[in-house]
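The values are calculated or read from the model by the stated rules, or taken from the named source; none is laboratory data. What you are looking at is a predicted structure, and each value in this text was computed from that prediction instead of being measured. Virtual Cβ from ideal backbone geometry, glycine too; neighbours counted across all protein chains shown.
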There are 2 protein chains.
Amino acid sequence: MSTSTYDRPVLYSYFRSSCSWRVRIALNLKKIDYDVRPINLLKGEQRTEEYLKIQPFGFVPAYIDNRTGKTLVQSVSIIEYIDETYPGVSLLPKDPIERATVRALVQAVAMDIQPVANLRILKYVGEEKKGEWAKHFIIEGFKALEAMLEKTAGVYAFGDSITMADLTIVPQVYNGVRFGVDMTAFPIISRINSTLSELPEFKAAHPSQQIDCPADLR
Amino acid sequence: MSTSTYDRPVLYSYFRSSCSWRVRIALNLKKIDYDVRPINLLKGEQRTEEYLKIQPFGFVPAYIDNRTGKTLVQSVSIIEYIDETYPGVSLLPKDPIERATVRALVQAVAMDIQPVANLRILKYVGEEKKGEWAKHFIIEGFKALEAMLEKTAGVYAFGDSITMADLTIVPQVYNGVRFGVDMTAFPIISRINSTLSELPEFKAAHPSQQIDCPADLR
(Lines give C-alpha, C1' and ligand atoms only; values in the text may rest on other atoms or scores of the structure.)
Protein backbone atom coordinates (compact mmCIF):
# COMPACT_ATOMS: atom_id res chain seq x y z
CA MET A 1 0.00 0.00 0.00
CA SER A 2 1.86 3.09 -1.18
CA THR A 3 1.88 6.49 0.45
CA SER A 4 0.58 8.09 -2.73
CA THR A 5 -2.70 6.19 -2.53
CA TYR A 6 -4.27 8.44 0.06
CA ASP A 7 -4.41 12.20 0.47
CA ARG A 8 -6.02 11.95 3.89
CA PRO A 9 -6.25 9.34 6.62
CA VAL A 10 -8.97 6.75 6.13
CA LEU A 11 -11.13 5.52 9.00
CA TYR A 12 -13.08 2.30 8.58
CA SER A 13 -15.92 2.96 10.96
CA TYR A 14 -19.42 1.95 12.03
CA PHE A 15 -21.58 4.83 13.21
CA ARG A 16 -22.56 3.19 16.48
CA SER A 17 -19.25 1.46 17.31
CA SER A 18 -17.90 3.10 20.44
CA CYS A 19 -14.33 2.25 19.43
CA SER A 20 -14.78 3.99 16.05
CA TRP A 21 -16.42 6.91 17.84
CA ARG A 22 -13.41 7.44 20.14
CA VAL A 23 -11.11 7.74 17.14
CA ARG A 24 -13.49 10.16 15.38
CA ILE A 25 -13.34 12.45 18.45
CA ALA A 26 -9.52 12.30 18.49
CA LEU A 27 -9.33 13.20 14.79
CA ASN A 28 -11.73 16.12 15.31
CA LEU A 29 -9.83 17.42 18.36
CA LYS A 30 -6.60 17.31 16.36
CA LYS A 31 -8.37 19.03 13.43
CA ILE A 32 -7.42 16.26 11.01
CA ASP A 33 -9.54 15.86 7.87
CA TYR A 34 -10.18 12.21 7.13
CA ASP A 35 -12.23 9.97 4.89
CA VAL A 36 -14.75 7.54 6.33
CA ARG A 37 -15.40 4.09 4.90
CA PRO A 38 -18.50 2.76 6.65
CA ILE A 39 -18.51 -0.91 7.64
CA ASN A 40 -21.99 -2.12 8.57
CA LEU A 41 -21.46 -4.59 11.40
CA LEU A 42 -25.10 -5.70 11.42
CA LYS A 43 -24.92 -6.62 7.74
CA GLY A 44 -21.65 -8.48 8.29
CA GLU A 45 -19.57 -6.16 6.13
CA GLN A 46 -16.65 -6.71 8.51
CA ARG A 47 -16.47 -10.27 7.16
CA THR A 48 -16.21 -9.42 3.44
CA GLU A 49 -13.05 -10.53 1.67
CA GLU A 50 -12.27 -6.91 0.87
CA TYR A 51 -12.40 -5.74 4.49
CA LEU A 52 -10.59 -8.77 5.88
CA LYS A 53 -7.64 -7.83 3.66
CA ILE A 54 -7.52 -4.51 5.49
CA GLN A 55 -8.39 -5.77 8.96
CA PRO A 56 -7.92 -9.56 9.25
CA PHE A 57 -10.02 -9.83 12.42
CA GLY A 58 -13.12 -8.08 11.19
CA PHE A 59 -13.14 -5.42 13.90
CA VAL A 60 -13.73 -1.70 13.51
CA PRO A 61 -12.08 0.72 13.52
CA ALA A 62 -9.14 0.35 11.16
CA TYR A 63 -7.10 3.42 10.34
CA ILE A 64 -4.95 4.02 7.30
CA ASP A 65 -2.25 6.58 7.97
CA ASN A 66 -1.87 8.45 4.68
CA ARG A 67 1.66 9.60 5.51
CA THR A 68 3.06 6.09 5.76
CA GLY A 69 0.39 4.01 4.01
CA LYS A 70 0.29 1.80 7.12
CA THR A 71 -2.89 0.34 8.55
CA LEU A 72 -3.35 0.55 12.31
CA VAL A 73 -5.86 -1.31 14.49
CA GLN A 74 -7.13 -1.09 18.10
CA SER A 75 -8.77 2.22 18.93
CA VAL A 76 -6.66 3.23 21.93
CA SER A 77 -3.47 2.46 20.04
CA ILE A 78 -4.70 4.53 17.07
CA ILE A 79 -5.54 7.44 19.37
CA GLU A 80 -2.10 7.36 21.01
CA TYR A 81 -0.51 7.30 17.54
CA ILE A 82 -2.55 10.30 16.42
CA ASP A 83 -1.68 12.12 19.63
CA GLU A 84 2.04 11.38 19.31
CA THR A 85 2.38 12.37 15.64
CA TYR A 86 0.07 15.36 15.10
CA PRO A 87 0.42 18.85 16.57
CA GLY A 88 -2.37 20.65 18.41
CA VAL A 89 -3.99 19.74 21.71
CA SER A 90 -2.23 17.01 23.65
CA LEU A 91 -4.47 14.19 24.83
CA LEU A 92 -2.11 13.01 27.58
CA PRO A 93 -0.47 15.12 30.32
CA LYS A 94 3.32 15.45 30.39
CA ASP A 95 3.91 14.34 33.99
CA PRO A 96 4.42 10.54 34.18
CA ILE A 97 2.12 9.99 37.18
CA GLU A 98 -0.58 12.09 35.53
CA ARG A 99 -0.17 10.19 32.25
CA ALA A 100 -0.53 6.91 34.15
CA THR A 101 -3.66 8.23 35.87
CA VAL A 102 -5.27 9.26 32.56
CA ARG A 103 -4.34 5.92 31.01
CA ALA A 104 -5.91 4.15 34.00
CA LEU A 105 -9.16 6.08 33.39
CA VAL A 106 -9.03 5.12 29.71
CA GLN A 107 -8.45 1.48 30.59
CA ALA A 108 -11.24 1.46 33.18
CA VAL A 109 -13.58 1.93 30.21
CA ALA A 110 -11.63 0.41 27.33
CA MET A 111 -10.62 -2.76 29.18
CA ASP A 112 -13.11 -3.24 32.01
CA ILE A 113 -16.39 -2.11 30.42
CA GLN A 114 -16.47 -1.90 26.62
CA PRO A 115 -14.95 -5.31 25.76
CA VAL A 116 -17.28 -7.10 28.16
CA ALA A 117 -20.49 -5.60 26.76
CA ASN A 118 -19.88 -5.11 23.06
CA LEU A 119 -21.77 -6.54 20.09
CA ARG A 120 -19.54 -9.62 19.80
CA ILE A 121 -20.03 -10.62 23.45
CA LEU A 122 -23.75 -9.84 23.54
CA LYS A 123 -24.32 -11.97 20.46
CA TYR A 124 -22.70 -14.88 22.32
CA VAL A 125 -24.68 -14.17 25.50
CA GLY A 126 -27.89 -14.43 23.47
CA GLU A 127 -30.96 -12.29 22.76
CA GLU A 128 -32.77 -13.23 25.95
CA LYS A 129 -30.05 -12.36 28.44
CA LYS A 130 -28.03 -9.68 26.67
CA GLY A 131 -29.85 -6.67 28.13
CA GLU A 132 -29.34 -7.78 31.72
CA TRP A 133 -25.71 -8.71 30.99
CA ALA A 134 -24.81 -5.36 29.44
CA LYS A 135 -26.54 -3.40 32.18
CA HIS A 136 -24.82 -5.38 34.96
CA PHE A 137 -21.29 -4.86 33.63
CA ILE A 138 -21.77 -1.24 32.60
CA ILE A 139 -23.11 -0.40 36.09
CA GLU A 140 -20.26 -2.29 37.77
CA GLY A 141 -17.73 -0.47 35.57
CA PHE A 142 -19.33 2.93 36.08
CA LYS A 143 -19.16 2.47 39.88
CA ALA A 144 -15.39 2.05 39.61
CA LEU A 145 -15.05 4.88 37.09
CA GLU A 146 -17.13 7.26 39.23
CA ALA A 147 -14.89 6.51 42.24
CA MET A 148 -11.78 7.24 40.15
CA LEU A 149 -13.27 10.47 38.83
CA GLU A 150 -13.99 11.68 42.38
CA LYS A 151 -10.24 12.02 42.73
CA THR A 152 -9.31 13.20 39.22
CA ALA A 153 -12.15 15.18 37.62
CA GLY A 154 -12.28 18.90 37.04
CA VAL A 155 -14.32 20.25 34.16
CA TYR A 156 -13.31 17.07 32.36
CA ALA A 157 -12.29 13.58 33.45
CA PHE A 158 -8.78 14.65 34.42
CA GLY A 159 -8.65 18.25 35.53
CA ASP A 160 -9.69 21.05 33.20
CA SER A 161 -8.15 19.89 29.92
CA ILE A 162 -9.55 17.26 27.59
CA THR A 163 -7.61 14.00 27.70
CA MET A 164 -7.90 10.54 26.16
CA ALA A 165 -10.09 9.60 29.12
CA ASP A 166 -12.89 11.89 27.90
CA LEU A 167 -12.90 10.19 24.50
CA THR A 168 -13.85 6.86 26.03
CA ILE A 169 -16.52 8.20 28.40
CA VAL A 170 -18.99 9.73 25.94
CA PRO A 171 -19.50 6.60 23.78
CA GLN A 172 -19.77 4.43 26.90
CA VAL A 173 -22.48 6.63 28.42
CA TYR A 174 -24.42 6.43 25.13
CA ASN A 175 -24.26 2.64 25.39
CA GLY A 176 -25.22 2.71 29.04
CA VAL A 177 -28.32 4.77 28.26
CA ARG A 178 -29.22 2.42 25.40
CA PHE A 179 -29.21 -0.47 27.86
CA GLY A 180 -31.29 1.40 30.44
CA VAL A 181 -28.57 2.27 32.97
CA ASP A 182 -29.84 4.90 35.44
CA MET A 183 -27.20 7.59 34.98
CA THR A 184 -28.39 9.63 37.99
CA ALA A 185 -26.39 7.12 40.08
CA PHE A 186 -23.22 8.48 38.43
CA PRO A 187 -23.29 12.28 38.81
CA ILE A 188 -19.67 12.98 37.84
CA ILE A 189 -19.77 10.79 34.74
CA SER A 190 -23.10 12.40 33.79
CA ARG A 191 -21.83 15.94 34.26
CA ILE A 192 -18.66 15.33 32.25
CA ASN A 193 -20.66 13.64 29.52
CA SER A 194 -23.04 16.62 29.29
CA THR A 195 -20.19 19.12 29.15
CA LEU A 196 -18.32 17.18 26.47
CA SER A 197 -21.45 16.59 24.41
CA GLU A 198 -21.75 20.34 23.78
CA LEU A 199 -18.32 20.62 22.18
CA PRO A 200 -18.28 20.76 18.35
CA GLU A 201 -15.60 18.06 18.07
CA PHE A 202 -17.75 15.69 20.10
CA LYS A 203 -20.99 16.67 18.34
CA ALA A 204 -19.48 15.94 14.94
CA ALA A 205 -18.31 12.51 16.11
CA HIS A 206 -21.75 11.44 17.40
CA PRO A 207 -23.34 8.41 15.70
CA SER A 208 -26.30 10.52 14.52
CA GLN A 209 -23.93 12.69 12.46
CA GLN A 210 -22.28 9.84 10.56
CA ILE A 211 -22.94 9.13 6.89
CA ASP A 212 -23.88 5.53 7.72
CA CYS A 213 -26.47 6.46 10.36
CA PRO A 214 -29.94 5.30 9.27
CA ALA A 215 -32.41 8.16 8.70
CA ASP A 216 -34.66 7.14 11.62
CA LEU A 217 -31.78 7.52 14.12
CA ARG A 218 -30.63 10.95 13.02
CA MET B 1 0.95 8.81 51.78
CA SER B 2 4.45 10.22 52.08
CA THR B 3 7.48 9.34 50.01
CA SER B 4 9.36 8.27 53.11
CA THR B 5 6.93 5.42 53.80
CA TYR B 6 8.40 3.08 51.21
CA ASP B 7 11.96 2.24 50.26
CA ARG B 8 10.87 0.19 47.28
CA PRO B 9 7.78 0.02 45.08
CA VAL B 10 4.96 -2.11 46.45
CA LEU B 11 2.94 -4.45 44.25
CA TYR B 12 -0.40 -5.73 45.49
CA SER B 13 -0.60 -8.96 43.59
CA TYR B 14 -2.29 -12.36 43.35
CA PHE B 15 -0.01 -15.17 42.17
CA ARG B 16 -2.34 -16.32 39.41
CA SER B 17 -3.70 -12.94 38.28
CA SER B 18 -2.47 -12.38 34.73
CA CYS B 19 -2.59 -8.61 35.19
CA SER B 20 -0.36 -8.83 38.29
CA TRP B 21 1.93 -11.21 36.40
CA ARG B 22 2.45 -8.73 33.54
CA VAL B 23 3.61 -6.08 35.99
CA ARG B 24 5.95 -8.54 37.75
CA ILE B 25 7.63 -9.25 34.41
CA ALA B 26 8.04 -5.53 33.68
CA LEU B 27 9.61 -4.92 37.10
CA ASN B 28 12.00 -7.84 36.58
CA LEU B 29 12.99 -6.69 33.08
CA LYS B 30 13.73 -3.21 34.45
CA LYS B 31 15.68 -4.79 37.34
CA ILE B 32 13.55 -3.01 39.95
CA ASP B 33 13.42 -4.53 43.43
CA TYR B 34 9.92 -4.41 44.85
CA ASP B 35 7.85 -5.65 47.75
CA VAL B 36 4.86 -7.91 47.18
CA ARG B 37 1.67 -7.73 49.21
CA PRO B 38 -0.39 -10.78 48.28
CA ILE B 39 -4.14 -10.30 47.89
CA ASN B 40 -5.99 -13.62 47.82
CA LEU B 41 -8.83 -13.12 45.33
CA LEU B 42 -10.44 -16.47 46.15
CA LYS B 43 -10.64 -15.57 49.85
CA GLY B 44 -12.08 -12.14 48.99
CA GLU B 45 -9.12 -10.19 50.37
CA GLN B 46 -9.67 -7.63 47.60
CA ARG B 47 -12.85 -6.63 49.42
CA THR B 48 -11.33 -5.93 52.85
CA GLU B 49 -11.62 -2.39 54.16
CA GLU B 50 -7.84 -2.14 54.23
CA TYR B 51 -7.39 -3.03 50.58
CA LEU B 52 -10.31 -0.96 49.37
CA LYS B 53 -8.57 2.08 50.83
CA ILE B 54 -5.65 1.35 48.51
CA GLN B 55 -7.64 0.18 45.48
CA PRO B 56 -11.30 1.24 45.73
CA PHE B 57 -12.45 -1.25 43.06
CA GLY B 58 -10.95 -4.36 44.56
CA PHE B 59 -8.88 -5.28 41.52
CA VAL B 60 -5.28 -6.43 41.45
CA PRO B 61 -2.67 -5.24 40.77
CA ALA B 62 -2.20 -1.96 42.56
CA TYR B 63 1.23 -0.38 42.52
CA ILE B 64 2.68 2.08 44.99
CA ASP B 65 5.43 4.15 43.45
CA ASN B 66 7.90 4.71 46.29
CA ARG B 67 9.40 7.82 44.66
CA THR B 68 6.12 9.75 44.73
CA GLY B 69 4.02 7.78 47.21
CA LYS B 70 1.30 7.59 44.56
CA THR B 71 -0.83 4.53 43.97
CA LEU B 72 -1.37 3.46 40.36
CA VAL B 73 -3.93 1.01 39.00
CA GLN B 74 -4.56 -0.81 35.70
CA SER B 75 -1.73 -3.13 34.67
CA VAL B 76 -1.00 -1.69 31.22
CA SER B 77 -0.94 1.83 32.59
CA ILE B 78 1.43 0.73 35.39
CA ILE B 79 3.73 -0.94 32.86
CA GLU B 80 3.86 2.16 30.65
CA TYR B 81 4.65 4.24 33.74
CA ILE B 82 7.48 1.92 34.74
CA ASP B 83 8.78 1.96 31.18
CA GLU B 84 8.67 5.76 30.93
CA THR B 85 10.33 6.48 34.27
CA TYR B 86 13.00 3.80 34.74
CA PRO B 87 16.20 3.32 32.73
CA GLY B 88 17.20 0.01 31.17
CA VAL B 89 15.49 -1.92 28.40
CA SER B 90 12.72 -0.05 26.62
CA LEU B 91 9.44 -1.92 26.32
CA LEU B 92 8.15 0.17 23.40
CA PRO B 93 9.94 0.96 20.12
CA LYS B 94 10.81 4.58 19.31
CA ASP B 95 9.14 4.78 15.87
CA PRO B 96 5.49 5.90 16.20
CA ILE B 97 4.07 3.32 13.77
CA GLU B 98 6.04 0.58 15.55
CA ARG B 99 4.84 1.82 18.95
CA ALA B 100 1.25 1.73 17.67
CA THR B 101 1.77 -1.80 16.38
CA VAL B 102 3.14 -3.03 19.72
CA ARG B 103 0.31 -1.31 21.58
CA ALA B 104 -2.19 -3.00 19.23
CA LEU B 105 -0.67 -6.39 20.11
CA VAL B 106 -0.91 -5.54 23.82
CA GLN B 107 -4.53 -4.49 23.42
CA ALA B 108 -5.43 -7.59 21.40
CA VAL B 109 -4.77 -9.50 24.64
CA ALA B 110 -5.43 -6.88 27.33
CA MET B 111 -8.72 -5.65 25.82
CA ASP B 112 -10.05 -8.43 23.60
CA ILE B 113 -9.12 -11.56 25.57
CA GLN B 114 -8.23 -11.08 29.23
CA PRO B 115 -11.19 -8.89 30.34
CA VAL B 116 -13.70 -11.21 28.68
CA ALA B 117 -12.46 -14.38 30.38
CA ASN B 118 -11.21 -13.31 33.80
CA LEU B 119 -12.34 -14.44 37.24
CA ARG B 120 -14.96 -11.69 37.58
CA ILE B 121 -16.68 -12.56 34.31
CA LEU B 122 -16.46 -16.32 34.76
CA LYS B 123 -18.08 -16.03 38.19
CA TYR B 124 -21.01 -14.25 36.53
CA VAL B 125 -21.17 -16.79 33.69
CA GLY B 126 -21.51 -19.55 36.30
CA GLU B 127 -19.77 -22.78 37.20
CA GLU B 128 -21.53 -24.88 34.57
CA LYS B 129 -20.71 -22.76 31.52
CA LYS B 130 -17.51 -20.99 32.47
CA GLY B 131 -15.10 -23.49 30.92
CA GLU B 132 -16.75 -23.37 27.52
CA TRP B 133 -17.01 -19.56 27.70
CA ALA B 134 -13.33 -19.03 28.53
CA LYS B 135 -12.18 -21.47 25.88
CA HIS B 136 -14.35 -19.87 23.18
CA PHE B 137 -13.08 -16.34 23.75
CA ILE B 138 -9.45 -17.29 24.30
CA ILE B 139 -9.46 -19.27 21.03
CA GLU B 140 -11.19 -16.43 19.16
CA GLY B 141 -8.67 -13.94 20.55
CA PHE B 142 -5.67 -16.15 19.83
CA LYS B 143 -6.77 -16.51 16.19
CA ALA B 144 -6.61 -12.72 15.82
CA LEU B 145 -3.34 -12.49 17.76
CA GLU B 146 -1.72 -15.25 15.71
CA ALA B 147 -2.67 -13.41 12.50
CA MET B 148 -1.14 -10.18 13.84
CA LEU B 149 2.03 -11.99 14.91
CA GLU B 150 2.45 -13.46 11.40
CA LYS B 151 3.27 -9.91 10.34
CA THR B 152 5.18 -8.69 13.38
CA ALA B 153 6.99 -11.53 15.14
CA GLY B 154 10.71 -12.20 15.15
CA VAL B 155 12.25 -13.99 18.10
CA TYR B 156 9.62 -12.18 20.17
CA ALA B 157 6.17 -10.74 19.46
CA PHE B 158 7.54 -7.66 17.73
CA GLY B 159 10.87 -8.33 16.06
CA ASP B 160 13.85 -9.46 18.07
CA SER B 161 13.53 -7.27 21.16
CA ILE B 162 11.20 -7.82 24.09
CA THR B 163 8.30 -5.38 24.15
CA MET B 164 5.17 -4.83 26.22
CA ALA B 165 3.40 -7.25 23.90
CA ASP B 166 5.45 -10.17 25.22
CA LEU B 167 4.42 -9.37 28.80
CA THR B 168 0.75 -9.97 27.99
CA ILE B 169 1.25 -13.16 25.97
CA VAL B 170 2.82 -15.44 28.59
CA PRO B 171 0.09 -15.07 31.25
CA GLN B 172 -2.63 -15.43 28.61
CA VAL B 173 -1.14 -18.69 27.28
CA TYR B 174 -1.03 -20.03 30.85
CA ASN B 175 -4.74 -19.26 31.17
CA GLY B 176 -5.47 -20.77 27.78
CA VAL B 177 -3.77 -24.02 28.77
CA ARG B 178 -5.67 -24.04 32.09
CA PHE B 179 -8.93 -23.93 30.12
CA GLY B 180 -7.87 -26.65 27.71
CA VAL B 181 -7.10 -24.55 24.62
CA ASP B 182 -5.17 -26.61 22.05
CA MET B 183 -2.09 -24.44 21.61
CA THR B 184 -0.82 -26.41 18.59
CA ALA B 185 -3.34 -24.36 16.60
CA PHE B 186 -1.26 -21.27 17.41
CA PRO B 187 2.34 -22.06 16.47
CA ILE B 188 3.72 -18.50 16.63
CA ILE B 189 2.14 -17.74 20.00
CA SER B 190 3.41 -21.10 21.29
CA ARG B 191 6.94 -20.56 20.03
CA ILE B 192 7.18 -17.05 21.52
CA ASN B 193 5.74 -18.29 24.80
CA SER B 194 8.33 -21.09 24.99
CA THR B 195 11.21 -18.72 24.22
CA LEU B 196 10.06 -16.16 26.78
CA SER B 197 9.42 -18.78 29.45
CA GLU B 198 13.14 -19.63 29.53
CA LEU B 199 14.19 -16.09 30.42
CA PRO B 200 15.03 -15.48 34.11
CA GLU B 201 12.84 -12.36 34.30
CA PHE B 202 9.85 -14.36 33.09
CA LYS B 203 10.67 -17.40 35.23
CA ALA B 204 10.79 -15.28 38.40
CA ALA B 205 7.40 -13.73 37.55
CA HIS B 206 5.64 -17.10 37.10
CA PRO B 207 2.77 -17.86 39.51
CA SER B 208 4.61 -20.92 40.87
CA GLN B 209 7.43 -18.68 42.09
CA GLN B 210 5.24 -16.30 44.09
CA ILE B 211 5.13 -16.24 47.88
CA ASP B 212 1.34 -16.66 47.80
CA CYS B 213 1.38 -19.74 45.56
CA PRO B 214 -0.05 -22.75 47.44
CA ALA B 215 2.49 -25.55 48.00
CA ASP B 216 0.64 -28.02 45.72
CA LEU B 217 0.97 -25.69 42.71
CA ARG B 218 4.67 -24.98 43.05
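Across region B:169-211, which residue is nearest to B:Glu140 (Cα to Cα) among those that are surrounded by fewer than 17 Cβ atoms within 10 Å (Cβ to Cβ) and of a type in the set (Asp, Glu)?
The residue in question is B:Asp182.
In region B:67-95, how many are touching an Asp or Glu at 6+ places or on another chain (Cβ under 7 Å) and buried (at least 19 other Cβ atoms within 10 Å of the Cβ)?
The number of residues fulfilling the criteria is 3.
Could you tell me whether any residue of region A:187-195 is under 28 Å from A:Glu128 (Cβ atoms), out of contact with any His (no Cβ under 8 Å at 6 or more places or on another chain) and of a type in the set (Val, Ile, Thr)? Lay out the reasoning, then the answer.
So the first thing to find is which residues in region A:187-195 are under 28 Å from A:Glu128 (Cβ atoms), and the list is none.
Checking region A:187-195: not a single residue is under 28 Å from A:Glu128 (Cβ atoms), out of contact with any His (no Cβ under 8 Å at 6 or more places or on another chain) and of a type in the set (Val, Ile, Thr).
Just the residues that are part of a helix (DSSP H, G or I) and closer than 17 Å to A:Val76 by Cα, please, taken from region A:3-31. Steps first, please.
In the first step, residues of region A:3-31 are kept if they are part of a helix (DSSP H, G or I); the result is A:3-5, A:18-29.
Correct list: A:Ser18, A:Cys19, A:Ser20, A:Trp21, A:Arg22, A:Val23, A:Arg24, A:Ile25, A:Ala26, A:Leu27, A:Asn28, A:Leu29.
Test B:Ala62 against the stated conditions and say whether it is assigned by TED's automatic domain parsing to the domain that holds B:Thr163, touching a residue at least 12 places away in the same chain (Cβ under 8 Å), closer than 16 Å to B:Cys19 by Cα and of a type outside the set (D, E, K, R). I'd like the intermediate steps shown before the answer.
On the way: assigned by TED's automatic domain parsing to the domain that holds B:Thr163: no; touching a residue at least 12 places away in the same chain (Cβ under 8 Å): yes; closer than 16 Å to B:Cys19 by Cα: yes; of a type outside the set (D, E, K, R): yes.
Against the criterion (assigned by TED's automatic domain parsing to the domain that holds B:Thr163, touching a residue at least 12 places away in the same chain (Cβ under 8 Å), closer than 16 Å to B:Cys19 by Cα and of a type outside the set (D, E, K, R)), B:Ala62 does not qualify.
Might you let me know whether region B:112-128 holds any residue that is more than 12 Å from every other protein chain (Cβ to nearest Cβ) and either over 20 Å from the mean Cα position of the chain (by Cα) or crowded, with 21+ Cβ neighbours inside 10 Å (or both)?
Just the residues of region B:112-128 that are more than 12 Å from every other protein chain (Cβ to nearest Cβ), to begin with: B:119, B:127-128.
Narrowing the set further to residues that are either over 20 Å from the mean Cα position of the chain (by Cα) or crowded, with 21+ Cβ neighbours inside 10 Å (or both) leaves B:127-128.
Yes.
Using the structure shown, decide if B:Thr163 is β-branched (Val, Ile, Thr) and farther than 16 Å from B:Val106 by Cα.
No: the conditions fail for B:Thr163.
Would you be able to tell me the number of residues in region B:204-216 that are closer than 14 Å to B:Ser20 by Cα and part of a helix (DSSP H, G or I)?
As a first pass, look at region B:204-216 and keep what is closer than 14 Å to B:Ser20 by Cα: B:204-213.
From what is left, the residues that are part of a helix (DSSP H, G or I) are B:207-209.
Going through region B:204-216 one residue at a time, the tally reaches 3.
What tally of residues in region B:79-105 results from selecting those that are of a type in the set (A, V, I, L, M, F, W, C), within 8 Å of another protein chain (Cβ to nearest Cβ) and closer than 25 Å to A:Asn118 by Cα? First the steps, then the outcome.
Applying the first criterion (of a type in the set (A, V, I, L, M, F, W, C)) to region B:79-105 yields B:79, B:82, B:89, B:91-92, B:97, B:100, B:102, B:104-105.
Among the residues that remain, those that are also within 8 Å of another protein chain (Cβ to nearest Cβ) are: B:97, B:100, B:104.
Now narrow it down to the ones that are closer than 25 Å to A:Asn118 by Cα: B:100, B:104.
Of the residues in that region, 2 qualify.
Looking at region A:14-40 only, could you name the residues that are closer than 16 Å to A:Cys213 by Cα and surrounded by fewer than 20 Cβ atoms within 10 Å (Cβ to Cβ)?
A:Asp35, A:Val36, A:Arg37, A:Pro38, A:Asn40
Which residue is nearest to A:Ala204 (Cα to Cα), if the candidates are limited to region A:159-168 and must be touching a helix residue (DSSP H, G or I) at 6+ places or on another chain (Cβ under 9 Å) and surrounded by fewer than 24 Cβ atoms within 10 Å (Cβ to Cβ)?
Here is the first cut: in region A:159-168, the ones touching a helix residue (DSSP H, G or I) at 6+ places or on another chain (Cβ under 9 Å) are A:159, A:162-168.
Restricting the remaining residues to those that are surrounded by fewer than 24 Cβ atoms within 10 Å (Cβ to Cβ) gives A:159, A:162.
Numbers: A:Gly159: 23, A:Ile162: 16 Å.
Only one residue tops the list, namely A:Ile162.
Which of (1) modelled with pLDDT of 95 or more; (2) away from every other protein chain (no Cβ under 11 Å) does A:Ala215 not meet, given it meets every other one?
Among (1) modelled with pLDDT of 95 or more; (2) away from every other protein chain (no Cβ under 11 Å), A:Ala215 violates only (1).
When the residues of region A:144-157 are narrowed to those that are touching a residue at least 12 places away in the same chain (Cβ under 8 Å) and in a helix (DSSP H, G or I), which ends up nearest to the other protein chains (Cβ to nearest Cβ)? It would help to see each step written out before you state the result.
As a first pass, look at region A:144-157 and keep what is touching a residue at least 12 places away in the same chain (Cβ under 8 Å): A:144-146, A:148-150, A:152-153, A:155-157.
From the residues that got through so far, the ones that are in a helix (DSSP H, G or I) too are A:144-146, A:148-150, A:152.
Working: A:Ala144: 4, A:Leu145: 9, A:Glu146: 10, A:Met148: 8, A:Leu149: 11, A:Glu150: 9, A:Thr152: 12 Å.
The extreme case among them is A:Ala144.
Looking at B:Asp166, is it of a type in the set (Asp, Glu), away from chain A (no Cβ under 12 Å) and over 22 Å from B:Asn28 (Cα atoms)? Reasoning before the result, please.
Values: of a type in the set (Asp, Glu): yes; away from chain A (no Cβ under 12 Å): yes; over 22 Å from B:Asn28 (Cα atoms): no.
No: the conditions fail for B:Asp166.
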